[in-house]
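Notes to accompany the following structure.
The values are calculated or read from the model by the stated rules, or taken from the named source; none is laboratory data. Note that the structure is predicted; figures quoted are calculated from it, not measured. For neighbour counting, all protein chains shown are included, and Cβ atoms are generated from backbone atoms with ideal geometry for every residue, glycine included. Each accessible area value is taken on the protein alone, full model and side chains, heavy atoms only, with ligands, DNA and RNA left out. Shrake-Rupley method; radii C 1.70, N 1.55, O 1.52, S 1.80 Å.
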Amino acid sequence: MSVKIRLQRHGKKGKPFYWIVAADARSKRDGKYLEKIGTYNPNTNPATVDLNLDAAVQWLHNGAQPTDTAKAILSYKGALLKHHLDGGVRKGALTQDQADAKLATWIEEKAGKVDAKKDGLSKAEVAAKAKAFKAETVANEKRMAAQTEANKAPEAVVEEEVTTEEVVEVTTEEVVEAPVAEENTEEKEA
């Protein structure tokens, strides 16, 4: 019986959540498994991986073959490195203390990188919110200025209407007086 370390899909449609399991290679994807060794949630940024490192390394020692995705996850969490270092200890290339120190150093560096990414994402999110707030404030100011102009516009229209009526009255009086004057001059001549 060959054993695979692979992902078993859970979660609802569009929101996958995976268990990392050691299962018989002949079993179905979401079927029977030998041991659950962790979980993987790709919906978060960065992806959340909870892995029992010792169980994963034990399955690797026993000959379990990880799938491509499971291999990437095991590498990300350091299980493949620990398996490699344990091989070096068995061959006598280094001691267990040296292997543990190398693994601890690698895990600290990896944790630092993940924390840096989380900090960068949170800073980017804060910057995006600030930019959106500033854009909204500018849009609100423009809207308020337009409303103020709209409120002033009816007063100006009323003033213009009064001015137009005065001009019309003045021109009507001039037009009426002019023909009367002409008639008077004609009568005097005759």
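Sort Trp59, Trp106 by heavy-atom solvent-accessible area, probe 1.4 angstrom, most to least.
Highest to lowest solvent-accessible surface, that is Trp106, Trp59.
Quick one: Karplus J couplings for segment 76-89, per residue in order, coefficients 6.51, -1.76, 1.60, θ = phi - 60°, nearest Hz, x for Gly and Pro?
In residue order, the calculated couplings are 4, 8, x, 5, 5, 5, 5, 4, 5, 5, 5, x, x, 5 Hz.
Exceeding 28 Å between C-alpha atoms, which entries from my cross-link table qualify? They are Lys12/Lys32; Lys15/Lys113; Lys12/Lys113.
Lys12/Lys113
Amide H neighbours of Leu34 under 5 Å, counting only residues 5+ apart in sequence or on other chains, H built in-plane at 1.01 Å?
Ala22, Ala23, Asp24
Which value, to two decimals, describes the C-alpha radius of gyration of segment 25-115 once divided by 2.2 N^0.38 Å?
For segment 25-115, the normalised Cα radius of gyration comes out at 1.19.
What list of ³J(HN,Hα) values in whole Hz, one per residue of segment 57-66 in order, does the Karplus curve 6.51 cos²θ - 1.76 cosθ + 1.60 (θ = phi - 60°) give from phi, with Gly and Pro shown as x?
Each residue of segment 57-66 in turn: 5, 4, 5, 5, 4, 7, x, 5, 9, x Hz.
What does the charge count near Ser27 come to, summing +1 for each Lys or Arg and -1 for each Asp or Glu among other residues with Cβ under 10 Å from its Cβ?
Net charge in that neighbourhood comes out at +4.
My understanding is that a pair violates if its Cα-Cα distance is over 32 Å; which of Lys71/Lys102; Lys13/Lys118; Lys28/Lys118; Lys82/Lys117 do that in this structure?
Lys28/Lys118
Treating cross-link reach as a plain straight distance, find the lysines whose alpha-carbon is under 22 Å from the alpha-carbon of Lys142, omitting any fewer than eight places away in the same chain.
Here the lysines satisfying the reach criterion relative to Lys142 are Lys129, Lys131, Lys134, Lys152.
Taking a probe of 1.4 Å, how large is the accessible area per residue of segment 57-161, in Å²?
Per-residue value: 74 Å².
Taking a probe of 1.4 angstrom, what is the accessible area of Tyr76 in Å², to the nearest 10?
70 Å²
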